[in-house]
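Asker: Below is a structure I'd like to ask you about.
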Amino acid sequence: MIKVEHVQKNFGKLHALKDVSLTIERGDIVSLIGPSGSGKSTLLRCIHGLETIDKGSIQIDGVEMDPSNTSLYRQQRNRMGFVFQHFNLFPNMTVLENCKLAPIQVLKMSDSDAEKVALEYLEKVGLLDKKNAYPNNLSGGQKQRVAIARALCMNPEVMLFDEPTSALDPEMIKEVLEVMKDLGNQGMTMIVVTHEMGFARKVGTRVVFLDQGEIVEENTSEEFFSNPQSDRAKDFLSKVF
Ligand code: ADP
Ligand code: MG
């Protein structure tokens with residue numbers, strides 16, 4: 001579904017991604033893990049087109065993402081939902097308005113259709129009763145569940161998560177991971193930057209381990225955690241467990 005080939009991304013002199021290649025199949029739940037600064041967010045942002053790449057290519061179902069082909073590029077980006085560490089909800093809009101905005105503006109849905117879809121996904125994440133609340137009156141876990149519902153309202157084929165639970169108090173992590181687990185069980189393709197090793201191991205199907213802008217190791221979750229191959233992965237795992 002997504003093919004990343006020989007991608008390089010530089011920030012000035014810093015080589016954030018060095019020759020990264022990766023294939024994501026439909027139904028994969030890929031955990032992107034690695035030390036801070038290893039390039040996880042940059043890779044996710046490049047896939048979503050939030051950052052342009054300096055070399056290489058990214059293809060969606062065999063079609064290259066090319067920022068100069070504006071309308072195709074926008075369509076390709078709309079096939080992906082993105083969930084940020086800090087939620088990025090619009091504070092001046094209610095939960096329901098947050099969810100309806102992009103379907104109406106981008107997909108040109110009618111107000112009533114957008115509302116129907118929004119209510120369906122708010123129910124799915126267990127927040128139907130908060131539809132008229134403003135984000136600032138929600139807990140962190142609730143905000144992140146709204147952010148997930150909002151992304152789902154665009155009917156994405158793949159969901160990208162960048163440390164979705166890192167900004168949450170410990171007691172709220174589980175409710176967000178549960179929603180993500182349900183999504184995975186329903187067959188959603190997901191790429192998840194996470195430090196939640198339990199989630200990566202139990203829910204994830206594959207692990208991609210990055211260090212210093214390179215993919216050092218890539219394996220099934222079970223193999224990666226039970227039998228890491230590289231010294232860098234072993235070292236990382238010894239620090240997080
Ligand atoms: P991770 O998500 O694994 O912690 P990042 O992808 O955020 O790592 O960052 C990889 C490297 O790129 C880091 O050295 C970081 O400081 C640098 N970097 C990321 N974004 C930018 C940016 N917008 N400008 C300059 N440097 C950046
Ligand atoms: Mg990051």
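Asker: Return P(r) of the chain (all Cα-Cα pairs; 5 Å bins starting at 0; whole %; ordered from short to long distances).
Answerer: Whole-percent P(r) values from 0 Å outward: 1, 6, 14, 17, 19, 17, 13, 8, 4, 1, 0.
Asker: Where both partners of a DSSP beta bridge lie in the chain, what percent of those bridges are antiparallel, to the nearest 5?
Answerer: Beta bridges within the chain, antiparallel portion: roughly 55 percent.
Asker: Let me ask something else. Quick check on the chain: helices-only [θ] at 222 nm, where DSSP H runs of length 4 and up contribute -39,500 (n - 2.57) each and the sum goes over total residues. Nearest 500, please.
Answerer: Taking each H run of at least 4 residues, the total per residue is -11500 deg cm²/dmol.
Asker: Just the C-alpha atoms of the range 4-49: what Rg/Rh do they give, with Rh taken as the Kirkwood radius?
Answerer: 0.97
Asker: I would also like to ask the following. Give the relative contact order (percent, whole number) for the range 2-238; include only Cα pairs under 8 Å separated by 6+ residues.
Answerer: 28 percent
Asker: Calculate the length of the line joining the C-alpha centroid of the range 178-241 to that of the range 81-113, in whole Å.
Answerer: Taking the Cα centre of each part, the range 178-241 and the range 81-113 sit 30 Å apart.
Asker: Taking 0.36 nm per residue of separation and subtracting the Cα-Cα distance, what length does fully extending Phe11 through Ser166 add?
Answerer: 53.4 nm
Asker: Still on this structure: Using Cα centres only, tell me the gap between the range 37-70 and the range 11-31 in whole Å.
Answerer: Between the Cα centre of the range 37-70 and that of the range 11-31, the gap is 9 Å.
Asker: By counting other Cβ atoms within 10 Å of each Cβ, how are Thr205, Thr220, Thr189 ranked from fewest to most?
Answerer: Ordered by Cβ neighbours within 10 Å, fewest first: Thr220, Thr205, Thr189.
Asker: Here is a follow-up. Residue separation times 0.36 nm, minus the C-alpha to C-alpha distance between Asp66 and Glu157: what's the value?
Answerer: 30.9 nm
Since every read-out is calculated from the coordinates, none of them should be taken as a lab result. Note that this is a predicted model, so its numbers are computed, not measured. Because the Cβ atoms are built from the backbone with ideal geometry, glycine has one as well, and the counts that use them run over all protein chains shown.
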